[in-house]
Amino acid sequence: MAQDAIDKMTNKGISEADHIKNQTIEALEEAARKLRNADISMNGEDVKNILHSVQNKMDHFKGEMGAKYHEVEAEYQKKVEPVEHIIRDHPVPAVVVAVGFGFLLGMLLSRSRD
């Protein structure tokens, strides 16, 4: 159950990161297209305006990405923190459970080799 929640959060974060990456690519392609189509006689101020526009878009996407990162991180901490408290409050049972899972996993893997 916890793994499903973590996977869901991870997939959501990756999906949002891909969306922002695609927006960034589109902005860079648009700037490159404007610069390619620019007239040779275009003055430096026009080029600066195009580059400034791209910089503004990149800053926006960077801020958006940072916000999404912090959102995913906070969500992850919200899910993981209770488990950490349980382990800290009850270390012996936590170790016993971990050893038990390790033993069962070892048994399953050794049977699959036979």
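Would you look at the GNM of the chain, springs on alpha carbons closer than 10 Å, and say which of 47, 83, 97 moves the most?
The residue that fluctuates most here is 97.
Dipole size in debye (nearest 20) for the chain around its Cα centre, Lys and Arg Cβ +1, Asp and Glu Cβ -1?
300 debye
If you fit an axis through the alpha-carbon atoms of helix 91-113 and take the longest principal axis of the Cα set of the chain, what angle between them do you get, 0 to 90°, nearest 10?
90 degrees
For 26, 75, 45, which order do you get if you count the other beta carbons within 10 Å of each Cβ and list the fewest first?
Listed from fewest to most nearby Cβ atoms, that is 45, 26, 75.
Pick from 18, 59, 89: which residue has the top mean-square fluctuation in a GNM of the chain where Cα pairs under 10 Å get a spring?
Largest GNM mean-square fluctuation: 89.
What ranking of 105, 28 emerges when the number of other C-beta atoms within 10 Å of each C-beta is taken as an exposure proxy, fewest first?
The order, fewest Cβ neighbours first, is 105, 28.
Who wins for biggest fluctuation among 17, 27, 94 in a Gaussian network model of the chain, springs between alpha carbons below 10 Å?
Residue with maximal mean-square fluctuation among 17, 27, 94: 94.
Just one of (1) 1.88; (2) 1.81; (3) 1.10 is Cα Rg over 2.2 N^0.38 Å as worked out from the coordinates here. Which one is it?
(1)
What nm distance separates the two modelled labels at residue 10 and residue 47, each placed 7 Å from Cα along Cα→Cβ?
For residue 10 paired with residue 47, the spin-label model returns 4.6 nm.
Would you please state which residues of the range 55-70 a label at residue 18 would reach in this model, taking the label point 7 Å out along Cα→Cβ and a backbone N cut-off of under 19 Å?
Those under the cut-off are 65-66, 68-69.
Please list, in order along the range 23-31, the HN-Hα scalar couplings obtained from phi with the Karplus expression 6.51 cos²θ - 1.76 cosθ + 1.60 (θ = phi - 60°), rounded to whole Hz, x for Gly and Pro.
For the range 23-31, the Karplus-derived couplings read 5, 5, 4, 4, 5, 5, 5, 5, 5 Hz, x marking Gly and Pro.
To the nearest 500 deg cm²/dmol, what mean residue ellipticity at 222 nm is calculated for the chain from DSSP H runs of n ≥ 4 alone, each contributing -39,500 (n - 2.57), summed and divided by the residues?
Using -39500 (n - 2.57) per qualifying helix, the result is -33500 deg cm²/dmol.
Read-outs: derived from the displayed coordinates by stated rules, not from any lab. Nothing here was measured: the structure is a model prediction, and the numbers come from that model. Because the Cβ atoms are built from the backbone with ideal geometry, glycine has one as well, and the counts that use them run over all protein chains shown.
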